[in-house]
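Report on the structure given below.
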There are 2 protein chains.
Amino acid sequence: MAKYTDVKINKLVDYVTNVFKELNVDEQSARIVADVLVEADRRGVESHGVARLKRYVDGIKNGVMIPDAKPVIEKETPVSIVANGQGGLGQIITYDITKKCIEKARKNFICFAVIRNSNHYGIAGYYPLMALKEGMIGISMTNTFPLVVPTFGKNALIGTNPIAVGVPAGKHPDFLLDMATSTVPRGKLEVYARKGKNIPKVWATDEHGTPTDDPQKVLDNLKERKGGGLLPLGGGEELTGGHKGYGLGMIVEIFTGIFAGGSFGPFVYGKKGQPADVSHFIGIINPEAFIGVDGIREGMDKIQGTMKDSEKAEGKDRIYIAGEKEYELSVKHEHTVPIQDKVYQVMQEIGKELNIPFDIE
Amino acid sequence: MAKYTDVKINKLVDYVTNVFKELNVDEQSARIVADVLVEADRRGVESHGVARLKRYVDGIKNGVMIPDAKPVIEKETPVSIVANGQGGLGQIITYDITKKCIEKARKNFICFAVIRNSNHYGIAGYYPLMALKEGMIGISMTNTFPLVVPTFGKNALIGTNPIAVGVPAGKHPDFLLDMATSTVPRGKLEVYARKGKNIPKVWATDEHGTPTDDPQKVLDNLKERKGGGLLPLGGGEELTGGHKGYGLGMIVEIFTGIFAGGSFGPFVYGKKGQPADVSHFIGIINPEAFIGVDGIREGMDKIQGTMKDSEKAEGKDRIYIAGEKEYELSVKHEHTVPIQDKVYQVMQEIGKELNIPFDIE
């Protein structure tokens, strides 16, 4: 079992901010990236938290991420934005565009934005959370490194492509669905491989494109691009609905890369040493476009209550609402958050290398 | 094996139109409902085609559907509509609102509409198809009779809640994803039950809320509301991603019933002999909000080509794009469509009862 150390959130944010500043990201932008990463840890999504810091540091060093990029808006209507991230960090441009979209939606009821030529933007749910703070409905999608095979295909051609949707509630926590469109992310296979456990046969395929229970084989094949990869939500067969997960993954490629005029599928992260050309989609809807925020909050409380108070399946004691587990963790981690010792050490080493004082406890 | 008879599409549409006219639906509206039903048969979605005619006839007779309802728009902005179907047939109000939304999106780039107090609206994909004819992007969702259990829940509280998304392509057929958010629809269990076949354990749960392979038991339990029901896409466990399908089903309940101020989940079709209070969502996006229709068509051709031309998994010879199979069938069925003999007979009986000449061959 991995060991954890509790660290102070404000100190952790400051430290991560300092790392990015040292790498030529301006202070305000560095703080945004730090906040997105730490928010993932607060919500229990460790795979997208400060555990990624090393990859970001490397990304900046090897030219995949431009630390001082100057993103531009290339097209704008009262209800839409097309932006070019200019190879910068995904969090910075997406935070900025989400803010602008919220203002547009406040005035004009809806705003959809697409961003091309960007990079990893952290947890997809961060941007709907920004909308929820303003009483708005928020949608966020991004394409990613290609890891998922299309139904009946052999090669990983589609990203794990998350979809996140946030809707404001009243007494209940806000609804926040944040899901990869693959059955599981790659990190889940790594966990099973480390434990020497077999995986369910709806998670991944081998080099022949056949569903497999061997996680290490899948990880090795993906590394060497030998064929096979993660399976879409629903698994590898139409019988189990795999074509639906594949369709959802395609929707994300289309709403991001295609609508923004960026790269898609296998062409994302396609050129070594150059920006990854990741694309994002942000949608903000003002509840006043529909029955209004009070009616929606009331309806959301009712539907959440109806689900949660209903009879449980045998052996189960609780029905969850999307985002509920993560919300409870974020409340628990108001001031401190547990960081895995290996991640802690890597952060410490980054500090040594960059000559930044490391004090996060 | 069921037997089929080829019938003429124009005659079939005329006949179904006459049935609805006889039941007090005005001619223009009757023709819309007929077209939506027959389009499902043309595309091979028999479960949503004229096989439903009897249910519609009964629905009108027993007060669930109001044949001469006068739907009203209750709220409108430049980019949104909230409508009340007044208990009428879902196709009529949704066709009308989709037309209005396309006009709004032409002028103002985006239009989202929600409709409450409606009924079954046919195949969800029909309305994105209307958008595609105008070179627009179309989204459609509806809640339905509750048949799906929430993850870890015992009772069917959520509809099969389809999501349909259409995006215009160039040389390739337009992309059209049209998927229930359950792993399979109820009709699939009926097919397996008739054949005495077991179902995969990601399709449904028994009266204890435990995944089962016995389709007849599930159908009986659903009929008697004894517990259990269809499983969301991804099955009954978080391990296989069932919570994601559950989340998607909730998204549809929220974007339809909650945003429109209508019923949701277990309350849809909740009052016998009264309108079902089904809700729909329609979204139209003008490609000019993003990189424009030419760029999108070009991108769609590229992504479709990339998927289809890629290596196939062992034992598979073709990779499909969402909507491709249905498109090919619709081309094949330009003038005639095969109708199952049992459905043919039921239609004939309806004609006898209503005194309408039956001639569709």
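The values are calculated or read from the model by the stated rules, or taken from the named source; none is laboratory data. Everything quoted here is computed from the prediction, not taken from an experiment. Virtual Cβ from ideal backbone geometry, glycine too; neighbours counted across all protein chains shown.
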Would you please name the residue that is farthest from B:Ala322 (Cα to Cα), looking only at residues in the range A:245-256 that are facing chain B (nearest Cβ under 7 Å) and among the β-branched types (Val, Ile, Thr)?
A:Ile254
Return the residue satisfying two criteria in turn: it lies in the range A:262-271 and is more than 7 Å from chain B (Cβ to nearest Cβ) and touching a residue at least 24 places away in the same chain (Cβ under 8 Å), and of such residues it is farthest from A:Lys197 (Cα to Cα).
A:Gly262
What are the pairs with Cβ atoms under 7 angstrom where one residue, in the range A:151-165, is within 15 Å of A:Arg186 (Cβ to Cβ) and the other, located anywhere, is of a type in the set (Phe, Trp, Tyr)? Sequence gap at least six, or different chains.
A:Gly159/A:Phe145
Being acidic (Asp, Glu), in the same structural domain as A:Glu46 (by TED's automatic domain parsing) and touching a Leu at 6+ places or on another chain (Cβ under 8 Å), is that true of even one residue in the range A:127-135?
no
Note on B:Lys188: of the conditions (1) within 18 Å of the chain's Cα centre (by Cα); (2) under 19 Å from A:Tyr320 (Cβ atoms), unmet is (2)
For the range B:212-219, indicate whether the set of residues that are surrounded by fewer than 22 Cβ atoms within 10 Å (Cβ to Cβ), at the interface with chain A (Cβ under 10 Å from one of its Cβ atoms) and in a loop (DSSP other than H, G, I, E, B) is non-empty.
no
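Matching residues to (1) under 25 Å from A:Met179 (Cα atoms); (2) out of contact with any helix residue (DSSP H, G or I) (no Cβ under 6 Å at 6 or more places or on another chain):
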residue: A:Lys21; (1), (2): no, no
residue: A:Val33; (1), (2): yes, no
residue: A:Arg43; (1), (2): yes, no
residue: A:Lys54; (1), (2): yes, no
residue: A:Ile66; (1), (2): no, yes
residue: A:Pro71; (1), (2): no, no
residue: A:Lys75; (1), (2): no, yes
Among (1) crowded, with 20+ Cβ neighbours inside 10 Å; (2) more than 10 Å from chain B (Cβ to nearest Cβ); (3) in contact (Cβ under 8 Å) with a residue 60 or more places away in the chain; (4) assigned to a helix (DSSP H, G or I), which single condition is A:Phe259 missing?
(2)
What residue, among those in the range B:192-206 that are in contact (Cβ under 8 Å) with a residue 24 or more places away in the chain and in contact with a strand residue (DSSP E or B) (Cβ under 8 Å, 6 or more places away or on another chain), is farthest from the other protein chains (Cβ to nearest Cβ)?
B:Ala204
I'm trying to understand the selection: among the residues of the range A:220-239, which are under 22 Å from the mean Cα position of the chain (by Cα), more than 8 Å from chain B (Cβ to nearest Cβ) and not in a strand (DSSP E or B)?
A:Leu222, A:Lys223, A:Leu231
Under 8 Å by Cβ, and 6 or more places apart or on different chains, what pairs join a residue from the range A:299-323 that is more than 27 Å from B:Arg116 (Cα to Cα) with one that is of a type in the set (D, E, K, R) and part of a loop (DSSP other than H, G, I, E, B)?
A:Glu311/B:Lys154; A:Lys312/A:Arg318; A:Lys312/B:Lys154; A:Ala313/B:Lys154; A:Glu314/B:Lys154
Which members of the range A:196-211 meet the condition of being of a type in the set (Val, Ile, Thr) and outside any loop (DSSP other than H, G, I, E, B)?
A:Thr205
Please tell me if A:Ala180 is of a type in the set (Gly, Ala, Ser), more than 28 Å from B:Val252 (Cβ to Cβ) and crowded, with 17+ Cβ neighbours inside 10 Å.
no
Only residues that are touching a residue at least 24 places away in the same chain (Cβ under 8 Å), part of a helix (DSSP H, G or I) and facing chain A (nearest Cβ under 10 Å): list them for the range B:275-296, please.
B:Pro287, B:Glu288, B:Ala289, B:Ile296
Output the residue which, of all residues in the range A:310-336 that are part of a loop (DSSP other than H, G, I, E, B) and more than 10 Å from chain B (Cβ to nearest Cβ), is surrounded by the most Cβ atoms within 10 Å (Cβ to Cβ).
A:His333
Only one of B:Gly209, B:Gly187 that is surrounded by fewer than 21 Cβ atoms within 10 Å (Cβ to Cβ), touching a residue at least 24 places away in the same chain (Cβ under 8 Å) and within 25 Å of B:Val252 (Cβ to Cβ)
B:Gly187
Could you tell me which of the residues A:Ala105, A:Ala113, A:Ala124 is in contact with a strand residue (DSSP E or B) (Cβ under 7 Å, 6 or more places away or on another chain), buried (at least 22 other Cβ atoms within 10 Å of the Cβ) and without any contact (Cβ under 8 Å) to a residue 60 or more places away in the chain?
A:Ala124
Please list, ordered by first then second residue, the pairs with beta carbon atoms under 9 Å, 6 or more apart or interchain, first in the range A:70-88 and farther than 15 Å from B:Ile110 by Cα and more than 9 Å from chain B (Cβ to nearest Cβ), second in a loop (DSSP other than H, G, I, E, B) and basic (Lys, Arg).
A:Gln86/A:Lys70; A:Gly88/A:Lys70
State yes or no: is A:Arg116 within 14 Å of chain B (Cβ to nearest Cβ) and assigned to a helix (DSSP H, G or I)?
no
